[in-house]
1. If contacts are Cα pairs under 8 angstrom and at least 6 residues apart, what is the relative contact order of region 157-314 in percent?
2. Under a Cβ-only charge scheme (Lys and Arg +1, Asp and Glu -1), can you give me the dipole magnitude of region 36-175 about the Cα centre, in debye to the nearest 20?
3. Expected output is a single nm value to one decimal: the length gained when fully extending between Ala455 and Lys222, i.e. 0.36 nm times separation in residues minus the C-alpha distance. What is it?
4. Would you mind checking the tilt of helix 481-491 against the longest principal axis of the Cα atoms of the chain, expressed as 0 to 90 degrees and rounded to 10?
5. Of the accessible area of region 63-138, with the probe set at 1.4 angstrom, what percent is carbon plus sulfur?
6. For the charge dipole of the chain, defined by +1 on Lys and Arg C-beta atoms and -1 on Asp and Glu C-beta atoms about the Cα centroid, which residue among Ser374, Ala179, Pro60 has the Cα displaced farthest towards the positive pole?
7. Dipole size in debye (nearest 20) for the chain around its Cα centre, Lys and Arg Cβ +1, Asp and Glu Cβ -1?
8. Within the chain, what percent of beta bridges assigned by DSSP are antiparallel, to the nearest 5?
Amino acid sequence: MAETIKLFVNGCEVEVEAGKNLIDAIGAVGIEIPHLCYHPALGADGNCRMCLVGIEDGRPPLVPACKTQAVEGMKVLLDAEHIKKIQKDVLELELINHPTDCPICDQAGECSLQDYYMTYGREESRMNVDQVKKAKKLDFGCGVVHDQERCVVCGRCVRFCRQITKTGELGIVNRTDSARVTIFPGRPLDNRYALNVVDLCPVGAMTSADFRFKQRVWFLKKNRSICHGCSRGCNITVDHNREKDSDDMIYRFRPLLNEQVNGYFMCDEGRLSYHGENENRLSEARLSKTPLSFDDAVTAALREIEKHDDILFLLSPNSTLEQMMAIRSFAEKIDATLSGFSDGYIKKGDGDDYLIQDDKSANRAGLELLGIDSSKEAFETALKKADLLLNFNNDLLLAYSETELKKLLKDTRVIGLSSHETACFQQANLLLPVASFTEYGGSIINCDSILQFFAKAVSKNSEPVEICELISLLGGPFHDRTQLWEELKKNCELLSNVDPDNIPPAGLKLTDSEADNVPA
Ligand code: SF4
Ligand code: SF4
Ligand code: FES
């Protein structure tokens, strides 16, 4: 439990966490101090003056809350007339040259300037001279589109490129109402986290070329999930919407704060990986390339399993712990060999020392925890012997060329359970569509041994079947998450004390030490 202190806000006593500035300390108990340039990941810059508050201890009448640490007994004034006046004055200053084009601005609905104007401003413009014109729709690179007229020159984007990516592509040139954010000539944004400036920008000055004009944000439903782009497991919100009779579509992934996994940010590749949840999806079952109903495909799969003696199960390192347990128990029940071979998911040298990992799968740690052999040798030996391969959504073309794979599978019948129309499954004798990760929930373990749970984020018009459910239809011994977790706890010492229904939102660090497993 973090140390707490007591202070007074507008005369009322509040208990807050010690060691924080006033914006964060008081904000955590639901009292807002408006701010534009401050961001907890970037620290206080003190340039916007939107956060001025009064402290009743003899200091100057106004101090920036972003640069003032909360201390025991402090008396903070937020509602005095002179503070309300300065808030209105700062907003008036910010809006002098602002185009107020909210109706066509992507940030409308999640814009600090818009929100603060409605809460703290609401003054008619007194300007009777022409506004300063600046450039619009500037391509800053990496899919970031900049509007200089909307910019409040808070410097968050500039500080992000200096402090977080350390690439320094952005700068502020000129002064006063000519100040603008720009790139150096011929040197656009060039880092793998650039789209975070779109989230950081408190106004609509940084927009994403990918998201611009696709949806009004107030139509989007937001659900928590975990990026499956690599073994970091960044926490995300899945922003999605179902328009009239069409299917539920995802419009963007955005990072969600998790201090022990990804902080405030995510990489651009992971952010844009939402396209994969909408596109190229396998939507029908096929037997020898001919469509058939899902029920008939299950019957055909049961027949295949019954008539073959040497069966090999191949699972994906993206499977949840629950799916891995379901597949492993089913393999044990029918005496099939099990492999987690997935070397193709590792891109050696692609990771960095920030978030991105070489391992492009979400739960390789789960394979290891369940003792599932992932070696190439064991897989190829078992495949040579097998007369039937059940491939649970593992894209073997990440490890082999098409010719190599054809050769490897020439004497083996293949049942593919796939969420996508990937070339790997084109040759499968029997193909069954299954759900992708935004369409189910489950538990995964990231590269730092942090166990995280994610829930189903979207519901499709025609719901694809989740792998655990499909295994149960094929004769697997377990039929729900409770049974699977009982089995996981029995089989994995590290999970024995985990309450699967109460995995903290920030995840649970799995170590041999019991003390580490007690949520704070
Ligand atoms: S573009 Fe946005 S984040 Fe960057 S300085 Fe302007 S308002 Fe701030
Ligand atoms: S670092 Fe990995 S988990 Fe995080 S957003 Fe990128 S791909 Fe996804
Ligand atoms: S947030 Fe404090 S000066 Fe900008």
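The values are calculated or read from the model by the stated rules, or taken from the named source; none is laboratory data. Note that this is a predicted model, so its numbers are computed, not measured. Here Cβ is always computed from backbone atoms with ideal geometry, including for glycine, and neighbour counts include all displayed protein chains. These accessible areas exclude ligands, DNA and RNA; they are computed on the full protein's heavy atoms, side chains included. Shrake-Rupley method; radii C 1.70, N 1.55, O 1.52, S 1.80 Å.
1. Dividing the mean separation by the residue count of region 157-314 yields 13 percent.
2. 460 debye
3. 82.7 nm
4. 80 degrees
5. C and S atoms contribute 54 percent here.
6. With unit charges placed on the Cβ atoms, the residue in question is Ala179.
7. Around 1600 debye, computed over the chain.
8. Given both bridge residues lie in the chain, the antiparallel proportion sits at roughly 70 percent.
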